[in-house]
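Beneath this line is the structure, given in structure tokens, with notes to follow.
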Amino acid sequence: MCYFSRGLFPCQISRCVFQEKEISLIWLVRFFLHGMHSVVSRSYIPIWLLFAFCMVACTTFQLKDDIFVSVEECMEVSPDSALHLLNSIEHPEKLRGKQAAHYALLMTLARDKNYLDSLQSDSLISIAAKYDWKDDNAEAGKSWYYYGKVLALKKQYSDAMVAYRKSLEYLEKAQRHKMLGLVWEHVGYLNAT
């Protein structure tokens, strides 16, 4: 924990603040009020306010991965509960990186399994499909599979076939045989059209 004494300068503040991973608004207000007592001139008030605003505005929204694990566990058995859990996430638009891709994939799966019209638009699943999943071939394969389904429903058959081929590559590496069967089934549908 980082404690501040009177007379701490902004360059020392930023070094100490960035060592702390979590910054709360209450801590910033207390720090601001404490800093006002140690500042000789009131001309530093706008600097302190700007600093406090930047610290609050620059924090990113992080979600614990436990909720994604819970969603995955109940996706097959109870997709309506999985959808409810996903809908309980506040501000999903603030998610970034892997969490945003994982959210997009799970939301698409949950909406598809609940027979909602999630596959009418590719905006959500394209986040997951275009994310670099690194070593998680199963998630990459599922993402490309659902992206292919969306493209096929939009009658973009050649793009859908490309997405299915990418899905097959990832799923073969992950040895997900059930998903491989689903992809091959949809490739067959495309070849028949």
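Just a few scattered comments:
- Sole exception among (1) without any contact (Cβ under 8 Å) to a residue 40 or more places away in the chain; (2) assigned to a helix (DSSP H, G or I) for Ala138, by number: (1)
- Within the range 131-151, if we keep just the residues that are among the charged types (D, E, K, R) and touching a Leu at 6+ places or on another chain (Cβ under 9 Å), the residue that is surrounded by the most Cβ atoms within 10 Å (Cβ to Cβ) turns out to be Lys142.
- The residues in the range 170-191 that are open to solvent by 60 Å² or more (accessible area, probe 1.4 Å), free of Cβ contacts under 8 Å to residues at least 12 places away in the same chain and not basic (Lys, Arg) can be counted, and the count is 5.
- Every residue from the range 96-135 that is of a type in the set (Phe, Trp, Tyr) and part of a helix (DSSP H, G or I): Tyr103
- Scanning the range 150-193 for residues that are closer than 15 Å to Asn137 by Cα and assigned to a helix (DSSP H, G or I) yields a count of 17.
- Residues located in the range 102-120, provided they are more than 14 Å from the chain's Cα centre (by Cα), over 14 Å from Tyr145 (Cβ atoms) and either open to solvent by 60 Å² or more (accessible area, probe 1.4 Å) or hydrophobic (A, V, I, L, M, F, W, C) (or both): Ala110, Arg111, Tyr115, Leu116, Asp117, Gln120
The values are calculated or read from the model by the stated rules, or taken from the named source; none is laboratory data. What you see is a predicted model, and the numbers here were worked out from it, not measured in a lab. We place every Cβ from the backbone using ideal geometry, glycine too, and count neighbours over all the protein chains shown. Side chains are part of the model used for accessible areas, which takes the heavy atoms of the whole protein and leaves out ligands, DNA and RNA. Shrake-Rupley method; radii C 1.70, N 1.55, O 1.52, S 1.80 Å.
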